[in-house]
Each structure stands twice: as structure tokens, then as C-alpha cells.
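*Asks:* What follows is a structure written as C-alpha cells; I'll ask about it next.
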Amino acid sequence: MLSLFAGLGLGLSLIVAIGAQNVFVLRQGIRREHVLPVVIICALSDALLIAAGVAGLGFVISAAPWLVVVARWAGALFLLGYGIIAARRAWRGGEELRVDSEDAGSVSPSSRSGPTTTRTATRTSLMPVIATVLALTWLNPHVYLDTVLMLGSIAATHGEERWLFAAGAMAASILWFTALGFGARYVGRWLRTERSWRVLDALIAVVMITLAVSLVLPVLTP
């Protein structure tokens, strides 16, 4: 179960960051437009990439066990660096997520006693939305670093429980995209503030650095 929670924590830490994919999912959620297909595509894509990383690297590790030690130190250094960067962002601030208010539609009075004016966003057809989310997911080089290489290499350090680790990372993707897409009306407002992203980056830093230490502890302790 520890491997499952480790995968869940690392998966959330890697995926919860300002990026084009998250902005698009949030935007679709605010518009309440094709949210379910977008969430399914994002979560399924992550699951496929994570599975590919765990399966491929698992085979290589079985042939060369010394690579586990290399993976531990490489993963720990990556997590430590990522955690330091997140901590720096939390300390300095300056990050915020902007989504146009027109995307959500709004109802505002034209005058104190006059009639109200309703603004409705133009609805986009399904196929362009699917094409966009596929491009943002599969054409992003960082997704391969995070899922195939990063999560795959760290999963290999969990030995026989690497698929539990992978299941946790996949669950993190499902939870995040579901919450971001269907809770966008509320989450989107919260994520627009700089303070909220500083808190989020601080939490990410704690998780990353903790996981980095946990990776190398088995090597350092007899």
C-alpha cells in the first residue's frame, strides 16, 4: 500500500502545475463544454504512458539490477531539484492562472434598475476539442519525461510493487483531471489568485523533497 500512496503523491505532484493541458481542461470545465471526453482523454493518455514506462523499464531492470540504484539516485536528484524549484516559486510568487471570464458566460446588470444582459460563450464542436486535447497531451515533450521516464524509473525501484505504484500514479491523474474539469467553476476561481498557487507550490515542494529522501534511504541505511 505504501507504493500505491507513493505513486499517488508523486503523480499529483507532477501533474498539478500550470501548463497548457491543465489550462485547457480548466477552460473546458468553466465553459461546461465536452468536459467528460476531455477528462477521459487526459486520464487515459497518462495511464497508457505510465504503463509503457513501467513495463518497458521493468523489463530492462530485470536484466540489469544495478540500474535500480542508478534510478534511485537519478530520481532522487530530479525530485529534489523539482522540489527546490517549487519551493522557490512558493517563496517568490508571481504565478497565477488566467482564464477569460467570457469562457464561463456571465450575467450582469446593465444598470441598477434596468434589464440584465446575458453573455453566452459560443459552443465549440466536439472534434476540434478532441484534436486540441490530444495535441496538448501527446505533442508535449514534458509528458514523456514525467510519465514514461520519471514515473517509470521510480516505479522500478519498488520492485514487485511497481504496478501498485503505477496504479497510484494513474489514480492521481484520474482524480486531478476529474476535479479540474468538473470542479472548474469553483476551482478555477481559486486557482486564479497568486496566493493559491504559492500554497500549492509549497505543498508540491514538501511532497517532492520527502519522496526524494525516501528514495535514497534504503541505500544510505544498512
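*Asks:* Give the accessible area for Ile40 in Å² (nearest 10); use a 1.4 Å probe, count only protein heavy atoms, and leave out ligands, DNA and RNA.
*Replies:* Its accessible surface works out to 90 Å², give or take rounding.
*Asks:* Another question, if that's okay. Would you mind giving the average projected area, over all directions, of the Cα convex hull of segment 1-49 in nm² with one decimal?
*Replies:* Directional mean of the projected Cα hull area for segment 1-49 stands at 3.9 nm².
*Asks:* Here's a follow-up. Taking a quarter of the surface of the Cα convex hull of segment 34-76, what do you get in nm²?
*Replies:* Its average projected convex-hull area is 3.6 nm².
*Asks:* I've got another one for you. Report the Cα centroid-to-centroid distance between segment 31-85 and segment 162-222 in angstrom, as an integer.
*Replies:* Segment 31-85 and segment 162-222 have Cα centres spaced 13 Å from each other.
*Asks:* Can I ask one more? Just order 161-171, 133-143 by mean Cβ neighbour count inside 10 Å, highest at the front, would you?
*Replies:* Listed from highest to lowest mean packing, they are 161-171, 133-143.
The values are calculated or read from the model by the stated rules, or taken from the named source; none is laboratory data. Just so it is clear, the structure is predicted and the values come from calculations on it, not from any experiment. Using ideal geometry, Cβ is built from the backbone for each residue, glycine included, and neighbour counts are taken over all protein chains shown. All accessible areas refer to the heavy atoms of the entire protein, side chains included, with ligands and DNA or RNA removed. Shrake-Rupley method; radii C 1.70, N 1.55, O 1.52, S 1.80 Å.
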